[in-house]
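Peer 1: Below is a structure I'd like to ask you about.
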């Protein structure tokens, strides 16, 4: 599932398992939110989220949902929206170290972070919804729109492009691209440590982020 480790003033949340696609279901979303609550209650100054294996996250757990679509579709949507809101409400800077594929919900999860670094030799950022004939929900679309430039938004949403780290950097979706997973995590930790050293007021930082994305927060808060 996921682990939480503190390194100095930085917490590292890691999706564990070399062969796991880190699909998002209510159980994993609940575990993530429990870890984020620990970060919020601590004196740490930043959070890095990363992964083991080939996937940062391959999106929602469709196999879990399809066992009982009549009840699980809504439960999965609520859980996913809640975890996105939880990341937006972390009271310290958040950095994603994307060391594998981030598709659909996994890509959106990465976008919920303040900063992103990516492994360039393996993995794509990919919103698959056009290809699989699924409409992106308004709550999620508002987050994507708030995080991407018009050029990047067109590539991601209206072209369903599979973006390499270099392409994502060119579109300013990620801040940097690196040759190994270790280098990617190192870059994220370096930025996290630098930001943590600023010792910003946590309530102020949180409210600054919430003020940046008022539409996203309002939509995610509306649980219906």
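Peer 1: State all residues of region 188-213 that are within 22 Å of residue 85 (Cα to Cα), over 17 Å from the mean Cα position of the chain (by Cα) and not in a helix (DSSP H, G or I); if no residue qualifies, say none.
Peer 2: Result: 200, 201.
Peer 1: Restricting to region 19-59, name every residue that is under 19 Å from residue 107 (Cα atoms), in a loop (DSSP other than H, G, I, E, B) and in contact with a strand residue (DSSP E or B) (Cβ under 6 Å, 6 or more places away or on another chain).
Peer 2: Scanning region 19-59 gives 21, 22, 58, 59.
Peer 1: Do we have any residue at all in region 128-137 that's buried (at least 22 other Cβ atoms within 10 Å of the Cβ) and free of Cβ contacts under 8 Å to residues at least 60 places away in the same chain?
Peer 2: Just the residues of region 128-137 that are buried (at least 22 other Cβ atoms within 10 Å of the Cβ), to begin with: none.
No, region 128-137 contains no residue that is buried (at least 22 other Cβ atoms within 10 Å of the Cβ) and free of Cβ contacts under 8 Å to residues at least 60 places away in the same chain.
Peer 1: Working only within region 142-166, note down all residues that are surrounded by 13 or more Cβ atoms within 10 Å (Cβ to Cβ), assigned to a helix (DSSP H, G or I), out of contact with any strand residue (DSSP E or B) (no Cβ under 6 Å at 6 or more places or on another chain) and touching a residue at least 12 places away in the same chain (Cβ under 8 Å).
Peer 2: 142, 143, 144, 146, 147, 152, 155, 156, 157
Peer 1: Does residue 77 meet the test of being modelled with pLDDT of 95 or more, within 17 Å of the chain's Cα centre (by Cα) and not in a strand (DSSP E or B)? I'd like the intermediate steps shown before the answer.
Peer 2: Numbers: modelled with pLDDT of 95 or more: no; within 17 Å of the chain's Cα centre (by Cα): yes; not in a strand (DSSP E or B): yes.
Judged against the criteria, residue 77 is not a match.
Peer 1: Also, I was wondering about something else. What is the residue count in region 121-139 for residues that are at pLDDT below 95, closer than 26 Å to residue 192 by Cα and either assigned to a helix (DSSP H, G or I) or touching a strand residue (DSSP E or B) at 6+ places or on another chain (Cβ under 6 Å) (or both)?
Peer 2: 1
Peer 1: Against the condition within 17 Å of residue 90 (Cβ to Cβ) and over 14 Å from the mean Cα position of the chain (by Cα), how does residue 65 come out, does it pass? Even if it seems obvious, please write down each step before you answer.
Peer 2: Values: within 17 Å of residue 90 (Cβ to Cβ): no; over 14 Å from the mean Cα position of the chain (by Cα): yes.
For residue 65, the condition - within 17 Å of residue 90 (Cβ to Cβ) and over 14 Å from the mean Cα position of the chain (by Cα) - is not met.
The values are calculated or read from the model by the stated rules, or taken from the named source; none is laboratory data. What you are looking at is a predicted structure, and each value in this text was computed from that prediction instead of being measured. All Cβ positions, glycine included, derive from the backbone under ideal geometry; neighbour counts span all protein chains shown.
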